[in-house]
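Before any comments, here is the structure.
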Amino acid sequence: MPGPVNRIERAAVDGWWHGLGARLCPPRCLACGEAAPPGTDLCPACTAALPWNVPACPRCAVPLPGASSPAPSCGACQRRPPPLDATHAAFAYRTPLDRLLPRFKFHRDLAAGRLLADAMASCFVALPRPDALLPVPLHPGRLRRRGYDQALELARPLARTLRLPLLDGALVRTRATAPQSELDAASRRRNLREAFTVRDGTRLPAHVVLVDDVMTTGATLHAAAVTLRRAGVTRVEAWVCARVP
Ligand SMILES: [Zn+2]
Ligand SMILES: [Zn+2]
């Protein structure tokens, strides 16, 4: 289903300047550092190893190896349907995503961000079109410390490529929550209760897609989805770059 990531070519934008740069320093694979073909960001081995997330549960995007396509909902979603109507992840969070995503998230590697956003666009272009994309916001305190909002930096090029409205700032993180990675699943849910609110005066459309970089348990996305439903959104989905299996 997904198109090849190596169609992310820089030639048209960068022109002669890129040609000069390519001669001075030949392109390196963003994932492994080996030589990459001119005009691409990944070497052929890493391109072939990309863990596209199919087949997967349509509600929570958990990978379901060996399932038919389209896959049925996983057992957990059948027993307890989540507040998201659908979740799509471009990749399973495995090598080389464990190198590419941190490069983008913590080191602001724009080439890695462009590659990941383009992969998301190629995966999601054929899905039913929502009325708007809505990046999952960081708490302002964390944004100040990190200086970089990775969900917004993925949602912006995605909205541009797919020609969808971007509702940046419609959803507000109201509580500074403890870093999710330090908590178990039950504590994560407690940690996120009432963590979001809709900005006063915002009119939300009927069908919204939340955008985030990584989905682990889904607790953050679920908390955001519950807030949007309370505000009157009738269909809430999530599009993420990578799903932790
Ligand atoms: Zn490589
Ligand atoms: Zn599921």
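The values are calculated or read from the model by the stated rules, or taken from the named source; none is laboratory data. Small disclaimer: the values here were computed from a predicted structure and weren't measured. All Cβ positions, glycine included, derive from the backbone under ideal geometry; neighbour counts span all protein chains shown. Surface accessibility is based on the protein's heavy atoms, side chains included, excluding ligands, DNA and RNA. Shrake-Rupley method; radii C 1.70, N 1.55, O 1.52, S 1.80 Å.
So in region 24-48, with the set limited to residues that are more than 15 Å from LEU115 (Cα to Cα) and among the hydrophobic types (A, V, I, L, M, F, W, C), which one is nearest to ligand 2 (Cβ to nearest atom)? So the residue we want is ALA45. Filtered by the rule that a residue be more than 23 Å from ALA121 (Cα to Cα) and within 16 Å of ligand 1 (Cβ to nearest atom), region 33-85 gives GLY33, GLU34, ALA35.
If you scan region 75-96, which residues turn out to be in contact (Cβ under 8 Å) with a residue 40 or more places away in the chain and either within 16 Å of ligand 2 (Cβ to nearest atom) or closer than 26 Å to ARG129 by Cβ (or both)? First the steps, then the outcome.
Taking region 75-96 and keeping what is in contact (Cβ under 8 Å) with a residue 40 or more places away in the chain, we get 82-96.
Result: PRO82, PRO83, LEU84, ASP85, ALA86, THR87, HIS88, ALA89, ALA90, PHE91, ALA92, TYR93.
Residues that are part of a loop (DSSP other than H, G, I, E, B) and either surrounded by 16 or more Cβ atoms within 10 Å (Cβ to Cβ) or within 16 Å of ligand 2 (Cβ to nearest atom) (or both) do occur in region 109-121, at least one of them. Scanning region 76-106 for residues that are in a loop (DSSP other than H, G, I, E, B) and within 14 Å of the chain's Cα centre (by Cα) yields a single hit, TYR93. Checking VAL214, VAL209, VAL236, VAL226 one by one, the residue that is hydrophobic (A, V, I, L, M, F, W, C), closer than 10 Å to LEU84 by Cα, assigned by TED's automatic domain parsing to the domain that holds LEU100 and open to solvent by 30 Å² or more (accessible area, probe 1.4 Å) is VAL226 and no other.
When residues in region 33-49 are screened for being of a type in the set (A, V, I, L, M, F, W, C) and either part of a helix (DSSP H, G or I) or at pLDDT 95 or above (or both), 4 of them pass.
Specify the residue that is surrounded by the fewest Cβ atoms within 10 Å (Cβ to Cβ); the eligible residues are those in region 65-74 that are of a type outside the set (Ser, Thr, Tyr) and more than 8 Å from ligand 2 (Cβ to nearest atom). Write out each step before concluding.
Narrowing region 65-74 to residues of a type outside the set (Ser, Thr, Tyr): 65-67, 70-72, 74.
Narrowing the set further to residues that are more than 8 Å from ligand 2 (Cβ to nearest atom) leaves 65-67, 70-72.
Working: PRO65: 10, GLY66: 7, ALA67: 14, PRO70: 9, ALA71: 18, PRO72: 14.
The residue in question is GLY66.
Summed over region 146-173, residues that are surrounded by fewer than 20 Cβ atoms within 10 Å (Cβ to Cβ) and part of a strand (DSSP E or B) total 2.
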